[in-house]
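The structure appears right after this line, and notes come after that.
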Amino acid sequence: MKQLFNRHYVMVAITTSLLISGCGEAPQKITQTAISRVEGMPNQPEPYKQLKWKEKAINFDQYAFDFNQEGEYMPLIWLDSSKRNIDQVTYGMYTVIGDVRQGFKAHPDFHESLTSLGALMSAGLSGIDKTNQNGYNFVKMAQNYFNSDNGWNIVMNNTNPDIAMLGGGYGRDWWYDVYPNVLFYGVSDLFPNVENAENIQRTVAEQFYKADSVLNGNYEYSYFDYSTMTGMNNHIPPQEDAAAGHAYVLLSAYNKFGDEKYLAGAKSAIEALENLKESRFYEVLLPFGAYVAARLNAEHGTNYDILKILNWSFDGCKAERGRTGWGVISEKWGPYDVHGLQGSIIDGGGYAFLMNTHSMAWPLVPMVKYDPSYARTIGKWMLNASNSTRLFYPYEIDDAHQWLPEKKGITKNVVAYEGLRKTDAYGKERLKGVEPVALGDGPNWVPGQPEESMFSLYSSAYSGIYGAIIKQTNVEKILQLNCNATDFYSANNYPTYLYFNPFAESKTVEYENKNAGSIDLYDAISHTLVAERISGVGSFEIPADEAVLLVEIPHGLKVEYSNGKYYANDQVVAYK
């Protein structure tokens with residue numbers, strides 16, 4: 001039976017929670033900290049539509065991994081028998097549809113881990129077993145990206161340097177060398193016990209630990225040679241936020257293997273990041289630094305400045321020697337709110353990218369568990385970003401605002417445009433004066449690229465991040481955000497969800513208990529029980545323009561305070 005919540009019941013629940021807290025005095029409600037750029041975003045973006053992200057991720061997997069697809073530019077996947085690095089057949093997937101650099105006939109060994117590993121993580125988050133799908137263990141096959149033949153001994157974006165200059169970065173653009181390892185750790189947590197995976201993870205951790213030791217706080221390089229342990233510079237701007245990627249992998253390695261030196265390495269890398277004088281956000285890694293800093297503060301008693309890293313991520317890089325303008329867009333383009341998208345704030349008036357926006361949710365939503373003071377601002381950002389992100393998909397933005405509407409059928413509504421730009425970059429007559437325009441860079445990469453290369457598999461491969469995190473509630477625009485979904489290498493003892501109420505009045509939100517026994521809902525922000533004894537469907541109140549961080553605990557468990565944390569049955573419920 002649905003449990004209705006009246007005002008009297010709320011007061012009883014609050015009083016009860018204060019009595020069971022175990023504190024000498026009532027716990028204080030967590031004061032919320034705002035990210036300045038998010039404050040400029042609307043509470044209710046318009047026009048509003050929330051996609052069924054998990055369904056989209058599942059459908060993408062079915063389309064992209066189907067070897068039997070027929071038609072021009074099909075199938076989107078092929079087998080690579082070159083056996084680079086590991087003596088096994090692997091697979092390749094097009095970076096963008098019709099990419100002339102790739103495929104079985106062109107260069108069967110040219111494919112990118114950004115696409116392959118992103119697709120594996122997305123599938124794992126969607127509940128798809130990629131270790132046994134149609135006779136293939138795709139997770140094991142992806143280990144060919146671990147570059148041992150070249151002596152770097154890390155996971156890289158390609159399987160070998162021979163095809164590097166065809167695009168996709170190889171030993172010359174640092175984020176391309178670091179992010180695949182972040183992805184590999186995520187995939188390995190979703191698919192544990194795959195043969196040889198732990199060996200790779202351990203080797204990568206050793207390489208990153210050595211690299212951080214050599215760098216000794218100075219990450220001012222274009223890339224790093226992991227074979228000679230030497231920082232390198234070229235025409236690419238220095239990428240100091242590679243420290244965030246090192247920190248994420250090393251903290252994950254510490255939580256997996258328990259080796260204290262990895263914890264020390266994670267702290268060292270975060271300190272290198274924190275000691276910067278300004279933002280050096282380059283592509284995708286900096287937000288992972290905020291997550292690691294928050295988790296180290298919560299679990300290991302450090303005191304890193306999370307807000308500085310967050311503001312650097314959202315306001316963007318302003319350094320002349322950095323990737324100037326790379327941050328989070330907060331604007332209305334034409335008829336569409338495009339707040340929350342990540343990319344260039346200044347290129348052509350703004351140029352957002354789908355992969356980057358999806359990837360940013362991965363660290364920032366679970367970060368809230370470790371520092372609930374950012375619950376409201378992250379909840380508001382996610383509402384805006386998830387609404388804006390649909391505009392990359394050709395069936396979700398009107399034909400007048402996209403470059404190739406006449407060919408969108410090939411996308412099956414699961415492959416998106418790579419980017420969303422304030423104005424057209426190609427000079428198409430009908431798009432003059434149009435804001436925004438959905439398009440992609442693919443046709444610019446090499447001669448002969450088809451127009452369809454604007455449709456990006458590498459970008460669309462990450463939809464499972466939203467699919468695992470976002471669930472719609474009975475109140476439109478109030479989302480349930482799963483803080484455990486991408487919190488890899490964590491105990492995740494209790495289900496934890498973030499809700500933000502964007503309305504000017506309080507709202508009643510339904511909550512479904514899928515367990516056999518009844519449960520209570522503990523708000524880690526107010527330190528109160530907001531609902532008790534839910535079996536089936538219950539409900540709770542969210543005050544106007546506020547957030548709650550609900551932890552689902554078995555009914556009747558006492559929440560107790562000890563050593564700066566709140567526990568239920570000796571398991572952490574809240575870190576502040």
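The values are calculated or read from the model by the stated rules, or taken from the named source; none is laboratory data. Being a predicted model, the structure only gives us computed values, none of them experimental. Methodologically, a virtual Cβ is constructed for each residue, glycine included, from the backbone with ideal geometry; neighbour enumeration extends over all protein chains shown. What goes into the accessible areas is simple: the full protein's heavy atoms, side chains included, and nothing from ligands, DNA or RNA. Shrake-Rupley method; radii C 1.70, N 1.55, O 1.52, S 1.80 Å.
Residue check: is residue 352 in contact with a Gly (Cβ under 6 Å, 6 or more places away or on another chain) and either in a strand (DSSP E or B) or over 22 Å from residue 118 (Cβ atoms) (or both)?
yes
For (1) closer than 30 Å to residue 252 by Cα; (2) over 26 Å from the mean Cα position of the chain (by Cα); (3) not in a loop (DSSP other than H, G, I, E, B), each residue gets a yes or a no:
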| residue | (1), (2), (3) |
| --- | --- |
| 490 | yes, no, no |
| 497 | yes, no, yes |
| 505 | no, yes, no |
| 508 | no, yes, yes |
| 512 | no, no, yes |
| 515 | yes, yes, no |
| 531 | no, yes, yes |
| 538 | no, yes, yes |
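Within region 61-96, count every residue that is under 23 Å from the mean Cα position of the chain (by Cα), more than 17 Å from residue 139 (Cβ to Cβ) and open to solvent by less than 10 Å² (accessible area, probe 1.4 Å).
Of the residues in region 61-96, 2 are under 23 Å from the mean Cα position of the chain (by Cα), more than 17 Å from residue 139 (Cβ to Cβ) and open to solvent by less than 10 Å² (accessible area, probe 1.4 Å).
Condition check ((1) surrounded by fewer than 20 Cβ atoms within 10 Å (Cβ to Cβ); (2) within 22 Å of residue 48 (Cβ to Cβ); (3) in contact with a strand residue (DSSP E or B) (Cβ under 6 Å, 6 or more places away or on another chain)) across all residues:
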residue: 303; (1), (2), (3): yes, no, no
residue: 310; (1), (2), (3): no, no, no
residue: 327; (1), (2), (3): no, no, no
residue: 333; (1), (2), (3): no, yes, no
residue: 339; (1), (2), (3): no, yes, no
residue: 344; (1), (2), (3): no, no, yes
residue: 360; (1), (2), (3): no, yes, yes
residue: 366; (1), (2), (3): no, no, no
residue: 387; (1), (2), (3): no, yes, no
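Within region 128-145, take every residue that is open to solvent by 30 Å² or more (accessible area, probe 1.4 Å), free of Cβ contacts under 8 Å to residues at least 60 places away in the same chain and not charged (D, E, K, R) and give me the one that is nearest to residue 227 (Cα to Cα).
So, considering only residues that are open to solvent by 30 Å² or more (accessible area, probe 1.4 Å), free of Cβ contacts under 8 Å to residues at least 60 places away in the same chain and not charged (D, E, K, R), the one nearest to residue 227 (Cα to Cα) is 137.
Out of region 178-225, which residues are part of a loop (DSSP other than H, G, I, E, B) and surrounded by 24 or more Cβ atoms within 10 Å (Cβ to Cβ)?
219
Among the listed residues 116, 148, identify the single one that is among the hydroxyl-bearing types (Ser, Thr, Tyr), open to solvent by less than 50 Å² (accessible area, probe 1.4 Å) and farther than 18 Å from residue 63 by Cα.
Answer to the check: 148.
Scan region 326-344 and report the pairs whose first residue is under 16 Å from residue 280 (Cα atoms) and whose second residue is in a strand (DSSP E or B) and of a type in the set (S, T, N, Q), with Cβ atoms within less than 7 Å and a gap of 6+ or a chain change.
326/344; 328/342
Is it the case that some residue within region 502-523 is touching an Asp or Glu at 6+ places or on another chain (Cβ under 7 Å), open to solvent by less than 10 Å² (accessible area, probe 1.4 Å), of a type in the set (Val, Ile, Thr) and over 18 Å from residue 352 (Cβ atoms)?
yes
Sort out which residues of region 107-137 are more than 15 Å from residue 64 (Cβ to Cβ) and either β-branched (Val, Ile, Thr) or assigned to a strand (DSSP E or B) (or both), and write them in order of number.
Scanning region 107-137 gives 107, 131.
Residue 465: out of contact with any His (no Cβ under 6 Å at 6 or more places or on another chain), assigned to a helix (DSSP H, G or I), at pLDDT 95 or above and of a type in the set (A, V, I, L, M), yes or no?
In short, no.
Out of (1) assigned to a loop (DSSP other than H, G, I, E, B); (2) modelled with pLDDT under 95; (3) buried (at least 19 other Cβ atoms within 10 Å of the Cβ), what's the single condition that is false for residue 26?
Checking residue 26 against (1) assigned to a loop (DSSP other than H, G, I, E, B); (2) modelled with pLDDT under 95; (3) buried (at least 19 other Cβ atoms within 10 Å of the Cβ), the one that fails is (3).
Can you name the residue in region 312-325 that is in contact (Cβ under 8 Å) with a residue 60 or more places away in the chain and assigned to a helix (DSSP H, G or I) and is also surrounded by the most Cβ atoms within 10 Å (Cβ to Cβ) among such residues?
314
Where residues in region 34-60 are within 24 Å of residue 121 (Cβ to Cβ), basic (Lys, Arg) and in a helix (DSSP H, G or I), which of them is least open to solvent (accessible area, probe 1.4 Å)? I'd like the intermediate steps shown before the answer.
Step one: list which residues in region 34-60 are within 24 Å of residue 121 (Cβ to Cβ), which gives 50-60.
Narrowing the set further to residues that are basic (Lys, Arg) leaves 52, 54, 56.
So of that shortlist, the ones also in a helix (DSSP H, G or I) come out as 54, 56.
Working: 54: 102, 56: 18 Å².
The residue in question is 56.
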